[in-house]
Amino acid sequence: MFKQLTAISLLAAGSALIAGCTPQPNDTAASLKLYTFDCGTIAVSDLDSFSSSGDYAGIQGTLTNTCYLVRHPQGDLLWDLGLPLAMVGTGPQTNDVFTLTVERSLADQLADIGLSTDDIEFISISHSHFDHSGQAALFSNSQWLVNQNEFDHMFASPESSAQNAAFADLNKTIINGDHDIFGDSSVTILDLPGHTPGHTALQVNLAQAGPILLTGDLYHRTLSREQKHVPRFNTDEPATRLSMDRFEALATASGARVIIQHEPKDVATLPVAPDFLQ
């Protein structure tokens, strides 16, 4: 979401690509489950940096920080890894305009549903900002699915390499463009650059709840989506706007329910683990 804690500081796809992300009948859909985990809270005393046009200057807000587990017959995928593990249980921590809180680790929340970190076959992060990548060290036995451009961004310099050291030795699969994780159109990583060079979102096609789109940080708030606000800290504003257009085309084509991962109102509509959507 932001560059790092120390800094705290494309148009619509062609019809074939849209069809590829549209829910398709398959035998595994009925067994898919989507769990939501609480990976922290971010209170922001001034949201000015969240719009390049100055729409949020002086406005306060609270952002949810969520992680998601997709259970599929071929393996479990953990989407986003939350605030840093070192912050768990330490109480509110303030840096500049941000006050960060995370009460429980992903390991503890997985244990609530009878899983350990070693049971997770796949991990993927929407992007490499610290609030989405903070507990990677727990998943040393998982396969990391990572966009090529995001991987290059994470290890572009000694400084960024040090910040992402927990990912350095993970087994990884480099992906380019959209990626159908299980080969059955049930769970797809969507290539939506701009927030970072390899930013992604996730589509999960559930049997009962229907298609769900998890935005990553394409949007941070409902108003951001409605008015297409682009944060000042995005790496590429024109690419972000193209990704927004493509995302909205995909959402319309699939009839998906959109979950803005940092929007409390969206997250409040989801069951919290151990409950789940299917």
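Here are a few things to note about the model shown:
- The range 69-138 holds strands (runs of 3 or more DSSP E) entirely within its bounds, and those carrying 1 or more residues that are surrounded by 16 or more Cβ atoms within 10 Å (Cβ to Cβ) and among the acidic types (Asp, Glu) map to 75-79.
- Residues in the range 205-226 that are in contact with a Ser or Thr (Cβ under 7 Å, 6 or more places away or on another chain) and buried (at least 24 other Cβ atoms within 10 Å of the Cβ): Asn205, Gly216, Asp217, Leu218.
- Number of the exception - Glu150 against (1) in a helix (DSSP H, G or I); (2) farther than 24 Å from Leu218 by Cβ; (3) of a type outside the set (Lys, Arg); (4) out of contact with any helix residue (DSSP H, G or I) (no Cβ under 8 Å at 6 or more places or on another chain): (2)
- Filtered by the rule that a residue be buried (at least 19 other Cβ atoms within 10 Å of the Cβ) and over 14 Å from Asp131 (Cβ atoms), the range 50-67 gives Ser51, Tyr56.
- The single condition from (1) surrounded by 19 or more Cβ atoms within 10 Å (Cβ to Cβ); (2) touching a strand residue (DSSP E or B) at 6+ places or on another chain (Cβ under 6 Å); (3) closer than 16 Å to Glu121 by Cα that Lys172 fails is (1).
- Filter result for Ser185 (buried (at least 18 other Cβ atoms within 10 Å of the Cβ), farther than 21 Å from Phe233 by Cα and not hydrophobic (A, V, I, L, M, F, W, C)): yes
- Among strands (runs of 3 or more DSSP E) entirely within the range 168-266, having at least 1 residues that are within 15 Å of the chain's Cα centre (by Cα) singles out 187-191, 200-206, 210-214, 257-259.
Any read-out appearing in this document is the output of simple, stated calculations on the displayed coordinates, not a laboratory observation. What you see is a predicted model; the values in this text were computed from it and never measured. A quick note on method: Cβ atoms are made from the backbone with ideal geometry, for glycine too, and the neighbour counts reach across all protein chains shown.
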